[in-house]
Structure formats: structure tokens, C-alpha cells
There are 2 protein chains.
Amino acid sequence: MPKLGMEPLRRRALIDATISAIGERGSLDVTMSEIAGRAGVSSALAHHYFGAKDELLLATMRHILAELTADMRRALRSTSTARERVSAVVAVNFSDIQFQPETIAAWLAFYVEAQKSAALRRLLKVYARRLHSNLLSGLTGILPRSEADRVAEATAALIDGLYIRRALKDGVPNATTAIALIEDYLETKLSRRSAQ
Amino acid sequence: MPKLGMEPLRRRALIDATISAIGERGSLDVTMSEIAGRAGVSSALAHHYFGAKDELLLATMRHILAELTADMRRALRSTSTARERVSAVVAVNFSDIQFQPETIAAWLAFYVEAQKSAALRRLLKVYARRLHSNLLSGLTGILPRSEADRVAEATAALIDGLYIRRALKDGVPNATTAIALIEDYLETKLSRRSAQ
DNA sequence: TATTTTTTATTGACGGATCAATCAACAAAA
DNA sequence: TTTTGTTGATTGATCCGTCAATAAAAAATA
């Protein structure tokens, strides 16, 4: 009994199913049938709406990035100082929505896949550049350009590193600890400069 | 014309081939035929010596870890102060042998696979714990225990994060920059403490 | 020493399983 | 009657793992 206007609902359901499937298995090695089953439809329908599997995966990554970007914008809107902006960027990456096992596993899996897929690599590069510029926009208000650049690079690396460690359930366990670790780094970096 | 004593040579060749295959493809999605072909043998022989594919992958990871461990021991042997020990641990992770595209891609791929394979996860956990304790053994001579622990955690996360970024050919380009970034972090952390 | 037998090295071919992608067909709304 | 939604069945490709067969070295035996 086909109701009209199913397309956006199915697309969304399939993307959600993709994230949860990848999150559970911990890799992109999930079958179209598995994903479709989770979304409550046949694998043929998944192909109908997304074409090849690659495009479903790409759409999923796009969705994750879009959510992160939206969260970021929202968080940045309610800040006033440069220092606050830096903390906001860090905090968003470890918010309840982002720092979940499923999402992290998906991130990691996509990172690996990006070495194969040029399209995915381009997507991740856009994100990386945006993260960097977001961090920089806060840091340049406090540090000289060259040092701000290095601190932004280190912060981004710390975020990625803590994501990996989370995925392996080793080391840093929760988001609070992760944030504290990065804030500690930023504080020593920033307070030191302001004291000079 | 079968020469005797081939086993260790074939095993080594197959492991090397596995690393280069994974490194080139950027994921563990390499076929036994591909690996065997690179090693100059048939896929049947690879199965003959390693059994299932999982075990070849596991042996490969073990080999990479063993090399890293050996490098680490060698580097630590020629240090005398606690501070030098910390720098040595960092440097080894970015040495010419370790910080190569192939090895890094393999690392990343294994990280992801570890979410599926318990055996692989155990292996990586051993490495993570050893890295932590190596860092700690240097840091506890300079910082109070709790802070040393946090700095070790952050340093490990930085190493992982810089590895990821290297794999994506984004951000930090070379080993020297990566080391400088971590050393800069350590220096601010350590000099600040010693000044108090 | 000459021979048989065992061990080691190696592969081509194949079975069987998995899975992406297609397609014809059906059902209901417009 | 056209459009939209949906699926079961099927095809074709890929790939792991096995097995029987071959070849040569080493060991055992006559």
C-alpha cells in the first residue's frame, strides 16, 4: 500500500540504518541487505533510491558531516569571546550526539575508506579545513598567527586521536575526560602566552 | 624445484606483501591472491603456511608491532635522563621506518579491524599499554603521578591523531613537523611545572 | 650403492558462499 | 493510465579455502 512522499522518509531511514549498521559492525563491511533490513525495506529499494552502495555510504558521510556542521554553527552562535569560541568547537566534537560509539565507529571507518575513495577524501578534507578555520578564528584573537596555526593543528590532532582511542575502548573513557584533556592543553598554551 | 627451508622465507615474503598491499589499497580489503601474487607465490601456498586469511593479517600486525617494539627498545637504550626517554618514545613513532605511508595505512586499517576482531584488539591493547608505560616512565621523573598520567594520555592521543592526518595527506605533512608539534606540547607542559 | 619411501614445496582447479546490482512484476495513488 | 513505491528472484562476479596432483630433496631400506 504505497503512500506518496515516501522518498525522503526512506532515504533518511536508510541513512540512519547505515550508521547503526556500521557502528555495530565497526566497519564499512555491511551488506545492502543488512542496511535495508534495518530500515525495514528490501535491498532492491535501497538501490532504487541510492543507486550504487558507494553513493549510500557517501550520502551517509555527508549526513554525519552536515549534522556536525549544524551543531557547530549552533554552538558558535552563543559565544562572545575568542576563548569561548575555541572551547565551543572542542565541546561540540565531544557532545552527546557526536561522541557516541556508533558515530565514532562510522567516522573511523570512513577515514579508512577515504584512502580508497576520492569523493570521500574530498568530503573529509572540507570538514578538516572547516574545523581548522573554526579553531583558528578563535585562536588568532589570542595568539600570533603562526603559533595559533600550530595550536589549531595540535588541537585537531588531539580530537582525532581521542576519537580513535574511544573507538578502541582504551584509554580516555568519557567525553568529559576528553574535553578536560584538550582544555588543559589549551589553557597551558594560552595562559602562558597571556602571561608573557 | 623445491629448495628446503623455504618456510621462513615465504612467511616473511607474504607478510611483507601483506603490508605493501594494505598500504597501497589503504584497507584490509585485499585478497589472498593479491597478496600471494606480490610475494610471487600462489594463493594456495599462502593458505598452506598461514591457514585462514585472519591469521595472515594477525601475523602481519604482530610483525609490525614487533618491529616497533624493537625500535623502541633500541632508542631507549641510548638515553640517560627521564626527559630524553620521553623524546625518544615520541621520535621512534615518527622515525623513517615507522612513519611511512604503507605502515601508517596498515595501522589505520588494523585499528578499524580491531573493532571486529578480538584477537587484534588484544594485540593493539598490549601496544597501547606499553606506549603508555614507556611515556610514563619518563614523565614520572618530572611530573607528579596524576599529571604525568594525563600528559602521557595526551601525548599518545597526539601520536594517533597525527598518524590519521598523515594517512589522509592532510595537515601535518612530514615527520619533523609532527615531532616538533608534540615536543612543543611537552616543553610547555614540563617547563611550566619545573618553574613552579 | 641403488632403491624405495617419506617429507617438503608448490600449484591449478574447483566448490561453495556471499553479495551487489538488475529486472520484471505487482499494487495503489493521482 | 501514468506515476510512485515496492519486492522476490535472478544473474554475475568475487573470493576464501580445500584438495588432488606434481616435483624434488632427504631419509630409510635393501
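The values are calculated or read from the model by the stated rules, or taken from the named source; none is laboratory data. Worth saying up front: this structure is predicted, and the values here are computed from it rather than measured. With ideal geometry, Cβ positions are generated from the backbone for all residues, glycine too; neighbour counts draw on all protein chains shown. To get the accessible areas, we keep the full protein, side chains included, count just its heavy atoms, and leave off ligands, DNA and RNA. Shrake-Rupley method; radii C 1.70, N 1.55, O 1.52, S 1.80 Å.
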Those residues that are open to solvent by 30 Å² or more (accessible area, probe 1.4 Å) and in contact with a helix residue (DSSP H, G or I) (Cβ under 6 Å, 6 or more places away or on another chain), I need them from the stretch A:59-90; list them, please. A:His63, A:Leu76, A:Thr79, A:Arg85
From the list B:Thr177, B:Thr155, B:Thr188, which residue is surrounded by 19 or more Cβ atoms within 10 Å (Cβ to Cβ) and either outside any helix (DSSP H, G or I) or within 12 Å of another protein chain (Cβ to nearest Cβ) (or both)? B:Thr155
Listed by first then second residue, the pairs whose first member lies in the stretch B:70-83 and is within 25 Å of B:Pro144 (Cβ to Cβ), whose partner is of a type in the set (S, T, N, Q) and open to solvent by less than 40 Å² (accessible area, probe 1.4 Å), with beta carbons under 6 Å and at least 6 positions apart or on separate chains, are none
Odd one out for B:Ala21, checked against (1) within 14 Å of chain A (Cβ to nearest Cβ); (2) at pLDDT below 95; (3) away from DNA strand C (no atom under 16 Å from the Cβ): (2)
All positions within the stretch A:96-121 that are within 11 Å of chain B (Cβ to nearest Cβ) and not small (Gly, Ala, Ser): A:Pro101, A:Ile104, A:Trp107, A:Leu108, A:Phe110, A:Tyr111, A:Val112, A:Glu113, A:Gln115, A:Lys116, A:Leu120, A:Arg121
Name the helices (runs of 4 or more DSSP H) wholly within the stretch B:1-113 that hold at least 3 residues that are within 12 Å of DNA strand D (Cβ to nearest atom)? B:7-25, B:32-39, B:43-50, B:53-77
